[in-house]
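Here the structure comes first, spelled out in structure tokens, and everything after it is commentary.
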Amino acid sequence: MRHEILYRGAFPLLKVQLERGETIKAESGAMVSMSPTLELKGTLDGGIMRGLGRMLSGEKFFFQELSATRGPGEALLASAAIGDIESIELDGSYKLFVQKDGFLAGTPGIEVNTKMQNLAKGFLSGEGFFIVEISGKGTVFLSSYGTIHAVQLAAGEEVIIDNGHLVAWPDYMDYHIEKASSGWLSSITSGEGVVCRFRGEGVVLIQTRNPKSFGGWINQFIPKG
């Protein structure tokens, strides 16, 4: 399946070229336009339990599936967030953990599930007790709020990341949640609260903007009462 990411930055589009018989699944509502040779339908993909699990992790219950049933065709897909789109090739040797609303689309062979975090990570991370877990072989397309930046860590190297800026990271990377500062009061007054400490080797994808921070900025302009 051929694909291209158009207008990279704040308002990108994912263009996919489907040959007859090819399919792609995407988050519900992602289709912007498509050729009349394509067929669009909603799909549960994995049954009711997986659908409920995806809802717990912040994703939607249903996917949409585009199929080239009547011949080759083109589709344009877009995410709801104002941000970037990035393609990741998975070879089946590891799983990818993704922030809520981070999945945009995937080729056949890509599975979207949920993973339950332990009590501390779920309570402190801001992502909740469930996160999106993507596995299988194929191409997955991720969306973000802001531009996606790759942080590459060598073996044993560490980085501290504000959890509101996380997009995705491989399951084999070691990470834990901790206070941003030495004490809770200092952590809270710094505006950071808790952060994630990652240890390499591996690549962590981050987004250049934090949706919660943006929500707080917008809120000051909304008339009260």
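Laboratory data are not the source of any read-out in this text; all were calculated from the coordinates shown. Just so we're clear, the structure is a prediction, and the values are computed from it rather than from any experiment. Positions of Cβ are backbone-derived with ideal geometry, glycine not excepted, and every protein chain shown enters the neighbour counts.
What aspartates and glutamates does Lys25 reach when the alpha-carbon gap must be under 17 Å and sequence neighbours fewer than 8 apart in one chain are set aside? Leaving aside aspartates and glutamates fewer than 8 places away in the same chain, those within reach of Lys25 are Glu4, Glu39, Asp45, Glu59, Glu65, Glu74, Glu86, Glu89, Asp101, Glu111, Glu133. With a Förster radius of 35 Å applied to the C-beta separation of Glu19 and Val203, the computed FRET efficiency comes to 0.70. Computed from phi, the 3J(HN,Hα) profile of the range 3-20 under the Karplus parametrisation 6.51, -1.76, 1.60 (θ = phi - 60°) reads 8, 8, 9, 9, 6, 4, x, 7, 10, x, 10, 9, 9, 10, 10, 9, 7, 3 Hz, with x in place of Gly and Pro. Cross-link pairs exceeding 30 Å in C-alpha to C-alpha distance, out of Lys179/Lys224; Lys115/Lys137; Lys137/Lys212; Lys15/Lys100; Lys41/Lys137, comprise Lys179/Lys224; Lys137/Lys212.
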